[in-house]
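K.L.:
This is the structure I want to talk about, given as structure tokens.
Read the figures in this text as sums done on the coordinates, not as results from a lab. All of these numbers come straight from a predicted model, not from anything done at the bench. Note: ideal-geometry Cβ built from the backbone for every residue, glycine included; neighbour counts use all protein chains shown.
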Amino acid sequence: MIVIYILGYFIIILISIYLILSLSGFLILKKGQQSFDYQVLENDGGKYVITDDSRKVEYFVFGNTDPQSKVIICIHGSGPEALSEVNFNEKCCIELGLKGIAISLPGYGFSDMKPGRQVVDWPREDLEAVLKKEGVEKFMIMGHSQGTAHAMAAAYYFQERCEGFGLNAPLLPSKVSKEEDIISAIGSDSLPNTATIQKFYMLWYFSVMHLMLVKMSPWLTLKAIKIPSTSDTFKIMRNTIKRAVIRGSIGVTYETAYDVCYDWGFDPRKIKNSNICIWHASDDKLCPHEIGNWLRNYYQNKLGIKVNFRSDNLGYGHFTYKQGIFLEAEHSMIKVLLEGKK
């Protein structure tokens with residue numbers, strides 16, 4: 001009898017928690033993405049462009065802004081937003097004489113969200129709009145983590161216009177991972193699809209993500225980063241994690257969907273580019289280094305392709321190449337890409 005009573009009490013508690021989280025999720029969805037504040041964006045040094053599907057996309061221009069400068073596009077991963085790429089790469093761009101452009105992915109920073117989007121559409125929609133506004137014809141592009149998916153998408157879509165792409169801690173779409181029998185990024189098997197997230201019984205998901213992304217931010221995310229709290233990289237990450245949800249958590253929540261992260265809509269094996277840089281730390285636990293090794297082997301076995309590959313174990317895991325000497329021009333991925341296109 002006592003066991004039944006305790007079990008019943010426990011069930012009531014679980015149902016109550018579920019209802020509270022669901023109600024909170026409903027209110028988050030009803031509120032939607034918070035309004036676009038151009039004045040705040042301008043104060044941060046940013047710009048925006050309106051895409052053909054009427055979405056606002058924020059971006060930053062930095063480094064050598066001379067119209068004749070060579071251009072490097074920098075794409076952030078899951079968690080940060082574009083301003084972090086400015087802080088990571090501005091010094092390199094100034095010293096190497098490059099114009100840098102950092103773009104916030106949908107739902108991050110001040111960029112409008114796009115639930116259920118596919119990575120394959122990002123170059124044609126968001127990137128093309130920025131390139132057109134800035135008068136950029138040819139460019140190089142590099143990304144970190146989820147940003148590597150978009151760097152590959154740009155190389156796939158623009159072909160001749162893309163003069164090289166860099167992958168820092170890359171991942172692969174689910175189809176390729178399965179066909180090539182390659183281990184996938186951590187947690188990929190547990191992510192729900194956009195269609196599932198939008199079901200009424202998944203309202204709790206938006207509430208839980210809000211707790212993680214806003215209420216428990218940034219300390220919760222920073223605990224997973226193996227970087228000294230006194231370092232510049234740690235400070236940049238602390239600030240960018242806060243700014244990523246400046247318009248609320250709903251946009252970033254949609255970006256966690258499995259179909260957005262792992263069903264890209266294109267095959268990276270079909271990319272035709274001769275200037276490729278792949279850096280993937282051997283102690284990366286979030287995106288296992290086997291992914292980078294496979295990409296290196298696949299691309300460099302193609303005639304005429306130059307692949308700069310490195311895989312260090314410096315104790316910083318997923319963020320190995322976003323700190324220390326790799327933020328200096330002489331040791332940067334930007335320099336490798338610049339030299340690779342000569």
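K.L.:
Please list, in chain and number order, the residues 5+ apart from Asp263 or on another chain whose amide H is under 5 Å from its amide H, with Hs placed from the backbone.
P.N.:
Ser174
K.L.:
Additional query: Working from the alpha-carbon coordinates of the range 266-342, get Rg over Rh, Rh being the Kirkwood radius.
P.N.:
0.98
K.L.:
Which log10 I(q)/I(0) values, to two decimals, does the chain give at q = 0.09, 0.10, 0.11 Å⁻¹ under the Debye formula with one point per Cα?
P.N.:
Once normalised to I(0) and log-transformed, intensities are -0.47, -0.58, -0.70.
K.L.:
Please compute the alpha carbon radius of gyration of the range 164-251, then divide it by the globular-protein estimate 2.2 N^0.38 Å. Two decimals is fine.
P.N.:
My calculation over the Cα atoms of the range 164-251 gives 1.35.
K.L.:
In whole Hz, what ³J(HN,Hα) sequence does the range 155-171 give by Karplus (6.51, -1.76, 1.60; θ = phi - 60°), x for Gly and Pro?
P.N.:
Values, residue by residue: 5, 5, 7, 8, 6, 5, 6, 8, 8, x, 9, x, 10, 10, 6, x, 10 Hz.
K.L.:
Right, another one. Whole-Hz ³J(HN,Hα) for each residue in the range 244-254, computed from phi via Karplus 6.51 cos²θ - 1.76 cosθ + 1.60 with θ = phi - 60°, x for glycine and proline: what do you get?
P.N.:
Whole-Hz 3J(HN,Hα) from phi for the range 244-254: 4, 10, 5, 9, x, 8, 4, x, 5, 4, 4.
K.L.:
Here's something else I'd like to know. Using a Gaussian network model on the chain with a 10 Å cutoff between Cα atoms, which of Thr196, Thr230, Thr148 fluctuates the most?
P.N.:
Thr230
K.L.:
Under the rule of at least 5 residues apart or a separate chain, name every residue whose amide H is placed under 5 Å from the amide H of Phe309.
P.N.:
Long-range HN contacts for Phe309: Ile278.
K.L.:
To continue, here is another question. Looking at the chain only, what percent of DSSP beta bridges run antiparallel? Nearest 5 please.
P.N.:
Restricted to the chain, the bridges split so that about 30 percent are antiparallel.
K.L.:
So how far apart, in nm, are the two label points at Val61 and Leu23 if each is 7 Å from Cα heading toward Cβ?
P.N.:
5.0
K.L.:
What fraction of the Cα pairs in the range 34-148, stated in percent, has a spacing above 24 angstrom?
P.N.:
18
K.L.:
Still on this structure, I have one more. Amide H to amide H, which residues 5 or more places from Gly164 or on other chains are under 5 Å from it, using H placed in the peptide plane?
P.N.:
Amide H neighbours of Gly164, under 5 Å, 5+ apart: Ile141.
K.L.:
Given Cα pairs under 8 Å that are at least 6 residues apart, what percent is the relative contact order of the chain?
P.N.:
It comes to 21 percent, rounded to a whole number.
K.L.:
If you take the charge dipole of the chain about its Cα centre, with +1 on Lys and Arg Cβ and -1 on Asp and Glu Cβ, which of Tyr258, Phe326, Pro170 is farthest toward its positive end?
P.N.:
Tyr258
K.L.:
At a 10 Å Cβ-Cβ cut-off, how would you order Arg117, Arg269, fewest neighbours first?
P.N.:
Ascending Cβ contact count within 10 Å gives the list Arg269, Arg117.
K.L.:
Follow-up. What list do you get for Val307, Val119, Val57 if you sort them by fewest beta carbons within 10 Å?
P.N.:
The order, fewest Cβ neighbours first, is Val307, Val119, Val57.
K.L.:
So what J values fall out for the range 207-215 if you push phi through Karplus, 6.51 cos²θ - 1.76 cosθ + 1.60 with θ = phi - 60°, rounded to Hz, Gly and Pro as x?
P.N.:
Computed from phi, the couplings for the range 207-215 are 5, 5, 5, 5, 4, 6, 7, 10, 5 Hz.
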